[in-house]
Amino acid sequence: MNIDNTRRLLGALDFDRLFIEELGWSQPTLRRPLVAEVQGQRFEQRMVAQLAGVAVFVVWSATEPGLPTKALRDAVERDVAKQFRENLCIFIDREHAPTQSLWAWAKRGRDADGKPKRWLREHAYFRGQPADLFISKLHALFIDLAEGAEGANLNVVKVAQRLQSALDVERVTKQFFRDYQAQHAEFLSLIKGLDDERERRWYASVLL
């Protein structure tokens, strides 16, 4: 994975080349955008890559400018899932020269009562945003030449697991910040020589 080129393509929101050239996914099987009417808005869904039955779509509203609301994003992913159950929808604010993207992946499982449940995991990336944190997520989606040559070892379940590894981080993130806040509070009591509480908090944050 060429990090410099990945950073450049991500920064340009060039998802076609990002997935094909750097992440090693296959060319899309659908050449024409799908069109869906969702809650009175017209959405275009263009497949940019696919792998073992998992599809990546870039989606934008042809009706309203900007990123769609979460309710609309949820509805659009459900629409895409009718044809491609395992998918990644990358919402952009406009078709040409987009400045914002929001990556949406649906985690499916069961709740505590054993009933089917669905969670929409979302990650934002805007043009000009530092790319390194987002690139760390993309590593899980990288397919090397050996894996691509073997082909048969990559099935929809394994690719879906990679999507989960890359994008299902909400629970881990929340737990991290709970732990961080606890450690931060404990660390504050150990800092001597700074009388200003704001300075102590800043110093503790920098060190942590």
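Values as computed for the structure displayed
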| quantity | calculated |
| --- | --- |
| Signed unit charges on C-beta, dipole axis of the chain, positive-most listed residue Pro116, Leu34, Ile143 | Pro116 |
| Pairs of lysines in the chain (C-alpha under 26 Å apart; 8 or more residues apart or interchain) | 23 |
| Trp25 accessible area, 1.4 Å probe, all protein chains in place, Å² to nearest 10 | 10 Å² |
| Neighbourhood charge, 13 Å Cβ-Cβ cut-off, centred on Leu208 and excluding it, Lys, Arg +1 and Asp, Glu -1 | 0 |
| Residues of the chain: accessible area per residue with a 1.4 Å probe, Å² | 58 Å² |
| Residues of region 48-65 with amide N under 13 Å of a point placed 7 Å along Cα→Cβ from Thr29 | 49-56 |
| Dipole of the chain [Lys/Arg +1, Asp/Glu -1 at C-beta], most positive-end residue of Pro65, Gly11, Val206 | Pro65 |
| Degrees separating the helix 156-167 axis from the principal Cα axis of the chain, which is the longest one | 30 degrees |
| Helix-only [θ]222 nm of the chain, DSSP H runs n ≥ 4, -39500 (n - 2.57) each, per residue, nearest 500 | -11000 deg cm²/dmol |
| Angle between the chain longest axis and helix 70-81 axis [Cα atoms, degrees, rounded to 10] | 40 degrees |
| Chain lengthening between Asn2 and Gln83 when straightened (0.36 nm per residue, less Cα-Cα) | 25.9 nm |
| Solvent exposure ordering (accessible area, 1.4 Å, most first) of Lys137, Lys115 | Lys115, Lys137 |
| Unit charges on C-beta of K, R, D, E only; dipole of region 17-98, Debye | 180 debye |
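The values are calculated or read from the model by the stated rules, or taken from the named source; none is laboratory data. Owing to the predicted nature of the structure, the values given are computational and were not obtained by experimental measurement. Reconstructed Cβ throughout: ideal geometry from the backbone, glycine too, with neighbour counts over all protein chains shown. Please note that ligands, DNA and RNA were not included when accessible areas were found on the heavy atoms of the full protein model with its side chains. Shrake-Rupley method; radii C 1.70, N 1.55, O 1.52, S 1.80 Å.
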